[in-house]
Amino acid sequence: MDFSLSVEEREIRDWVRTFVQRELMPLEQEVLRRERAGQPGLTGDELTELQFKARESGFWGVQTPQEYGGMGLSAVMTALLEAELGRTFVPFRFGGAADNILFYANDEQKQRYLLPTIEGKRKSCFAITEPGAGSDAKAIRTSARKDGSDWIINGEKTFITGGNEADFTMVFAITDPDKGANGGVTCFLVDRELGWRSEPIDTMGEWGPASLVFEDVRVPESQILGELGQGFNLAMQWIGRGRYLLPARAIGSCERLLTMAIDHANTRHTFGAPIAQRQAIQWMIADSGVEIEALRWLVLHAAWQVDSGMDSRHAQSIAKLYGGLKANEIVDRVLQIHGGMGYTRELPIERWYRELRLLRIYEGTDEIQRRTIARNLLKGHAKVGGVLG
Ligand SMILES: Cc1cc2nc3c(=O)[nH]c(=O)nc-3n(C[C@H](O)[C@H](O)[C@H](O)COP(=O)(O)OP(=O)(O)OC[C@H]3O[C@@H](n4cnc5c(N)ncnc54)[C@H](O)[C@@H]3O)c2cc1C
């Protein structure tokens, strides 16, 4: 068993670490100021400029296949990069990416949706959740009714990331009520000009999602992504594309937070000694250090399963559940170690506190991950003791 990184992996990781330190961290104060004024942390132009700066060094389309101009990096390498990006809350992501299910587009759709999305000229959003269907995604009610060679879509989607900025959506609608999720859900590519509208949803985080409203939106048959009736499978593929990447990012955030806590513990004196000398503080630091290491290996193990072509769903659920729970405990401890200052807006801890809370909710709540893990174990789909037996 070899846990070391190759020279190439180390070089790629270190390049991103330096990029984060040199290009992103200096923006943090301004990002905080803007977000607290209700503005986006980075404007679209600023994000694009940073993405092109990274592109000059070859960092473009981290997981996009090389035939589409991407780097086609492995899941393990991508997890390592996400952890580096997680060290800052500046809302940066590498350019050159597209939703995995857009690669199922036919040739004409690829020209209109996939390639411009990779180039950053178009913006997509993934819309399955509805006011009455979140964890229970099979309960969606948005419908698409056939009318000649068109489909007429009616319904409401909610909590759609990027829904306000997107110029097209991948929306999931019932095309055969009798079959429902078993062959009766279809995914449509729908341009905003076809008539859907969006409303921002104010959340406790900075990356506000939107609700999307479809009222008799007429969509030609040619806008079906994949096959008629096979939308639910596509939706599950989108959600399962990289569950390990969410806790991967949290590794970097927790490392940065713990470093802040260590610095503060060593310099803050009470009762004549640094608080670092108090066991109560030491245990919080020790537990956080242990949990970050455990999370790292859960994430990398899940990513390794993805790279090995194994069924990684169980490992990904474990990493997502553990990451959400532990990242929230760690940020809470770090806030506690900072005392009153931790609660202020002078420090970014409360910013992370709010952002990390989302990890326990989206792309499968804690309870849904537990449901999956328990079901796998109870039915024997996964072995107690893991893949090593
Ligand atoms: C910021 C943000 C961004 C999002 N982005 C997107 C997006 O881009 N696209 C999209 O389609 N969706 C998106 N979502 C939706 C997200 O995936 C759902 O909010 C999530 O799946 C939970 O669904 P829900 O909110 O309806 O909660 P519910 O499903 O109503 O759950 C409520 C509570 O009950 C629990 N629960 C539910 N069922 C069970 C069960 N069987 N056993 C035990 N407990 C259960 C849940 O864990 C939760 O605690 C986003 C959400 C947020 C907050």
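The values are calculated or read from the model by the stated rules, or taken from the named source; none is laboratory data. Bear in mind that the values here come from a model prediction, so they are computed numbers and not experimental data. Every residue, glycine among them, receives a Cβ derived from its backbone with ideal geometry; neighbour counts consider all protein chains shown.
Mind checking which residues of segment 214-265 are polar (S, T, N, Q), under 23 Å from R354 (Cβ atoms) and under 16 Å from the mean Cα position of the chain (by Cα)?
S253
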Over segment 355-389, the set of residues of a type in the set (V, I, T), within 16 Å of the ligand (Cβ to nearest atom) and free of Cβ contacts under 8 Å to residues at least 60 places away in the same chain is I361, T372, I373
Within segment 125-158, restricting to residues that are exposed (fewer than 15 other Cβ atoms within 10 Å of the Cβ) and in a strand (DSSP E or B), the one that is nearest to the ligand (Cβ to nearest atom) is R145
Within segment 333-352, the residues that are surrounded by 19 or more Cβ atoms within 10 Å (Cβ to Cβ) and within 30 Å of S135 (Cβ to Cβ) are R333, V334, L335, I349, R351, W352
Checked segment 159-173 for anything part of a strand (DSSP E or B) and among the polar types (S, T, N, Q); matches are T169
Notebook entry, point to check: Any residue in segment 282-297 that is on the phi > 0 side of the Ramachandran plot and assigned by TED's automatic domain parsing to the domain that holds P348?
Noted result: no
Looking across segment 347-371 at residues that are within 13 Å of the chain's Cα centre (by Cα), assigned to a helix (DSSP H, G or I) and of a type in the set (A, V, I, L, M), the single one that is farthest from P247 (Cα to Cα) is L358
Residue hits (segment 91-111; of a type in the set (D, E, K, R), buried (at least 17 other Cβ atoms within 10 Å of the Cβ) and in a helix (DSSP H, G or I)) are K110
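Looking at T78, T64, can you tell me which residue is part of a loop (DSSP other than H, G, I, E, B), of a type in the set (S, T, N, Q) and either more than 16 Å from the ligand (Cβ to nearest atom) or buried (at least 21 other Cβ atoms within 10 Å of the Cβ) (or both)? Before you say what the answer is, go through the steps one by one.
Working: T78 fails: part of a loop (DSSP other than H, G, I, E, B).
From the options T78, T64, the qualifying one is T64.
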Reported set for segment 314-341 where residues are in contact with a Phe, Trp or Tyr (Cβ under 9 Å, 6 or more places away or on another chain) and not aliphatic (A, V, I, L, M) is Q316, K320, G323, N328, D332
Across (1) part of a loop (DSSP other than H, G, I, E, B); (2) acidic (D, E); (3) away from the ligand (no atom under 16 Å from the Cβ); (4) over 16 Å from G231 (Cβ atoms), D176 clears everything bar (4)
| task | Look at R268 and say whether it is touching a residue at least 40 places away in the same chain (Cβ under 8 Å) and under 19 Å from the mean Cα position of the chain (by Cα). | result | no
Going through segment 283-317 in order, the residues found to be within 15 Å of F3 (Cβ to Cβ), aliphatic (A, V, I, L, M), surrounded by fewer than 23 Cβ atoms within 10 Å (Cβ to Cβ) and in contact (Cβ under 8 Å) with a residue 60 or more places away in the chain are L300
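A quick yes/no check of all residues on (1) under 30 Å from D2 (Cβ atoms); (2) in contact with a helix residue (DSSP H, G or I) (Cβ under 8 Å, 6 or more places away or on another chain); (3) free of Cβ contacts under 8 Å to residues at least 40 places away in the same chain:
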site	(1), (2), (3)
A83	yes, yes, no
P116	no, no, yes
D136	no, no, yes
R141	no, no, yes
D150	no, yes, no
Scanning segment 1-26 residue by residue, those surrounded by 12 or more Cβ atoms within 10 Å (Cβ to Cβ) and not in a helix (DSSP H, G or I) turn out to be L5
